[in-house]
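Just below is one structure, and these are the notes that go with it.
Read the figures in this text as sums done on the coordinates, not as results from a lab. Quick caveat: nothing in here was measured; it's all calculated off a predicted structure.
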Amino acid sequence: MAQKGSRDRIFEIKRKKEKRKRGLVVLGVLCGIFCILFIPTQLKIWKMEGQLDVYQQQEQELLAQKEDIQKEIDYYSSDAYVEERAREELGLVKPGESPIRQAVPGRVQPSSENEQEIFH
């Protein structure tokens with residue numbers, strides 16, 4: 001009988017070991033399935049986060065560019081710019097101002113009184 005009890009005990013130990021092995025195999029399979037399902041998803045998330053960083057940097061650059069353009073628009077629509085262009089390109093002066101013209105070597109510039117006499 002002593003042998004029968006020790007045999008039962010040995011079988012019982014073997015069964016426990018097999019249950020542990022089966023448990024570890026099942027756990028391994030579950031971990032493998034988890035990895036197969038979720039690792040690609042996590043990789044996509046990391047890739048999208050990288051793209052998001054790039055897009056946020058582009059957004060900041062575009063906002064800075066927009067601000068520069070808005071400053072240019074404000075400047076070009078200001079009275080100071082219009083006056084500057086009128087003085088430089090058209091030679092206009094304010095009432096009471098005396099225009100000063102730069103001399104161009106080899107070229108005679110008629111005065112405004114002479115121009116009127118010539119062209120009328």
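Note on residue 19: lysines with a C-alpha under 23 Å away, same-chain residues under 8 apart excluded, are 4. The per residue volume of the convex hull around the alpha-carbon atoms of the range 40-89 is 59 Å³.
Listed by chain and number, the aspartates and glutamates placed with their C-alpha closer than 16 angstrom to that of residue 21 are 12; residues fewer than eight positions away on the same chain are left out. The candidate values are [x] 8.3; [y] 18.9; [z] 7.2; the one derived from this structure for mean projected area of the Cα convex hull in nm² carries the label [y].
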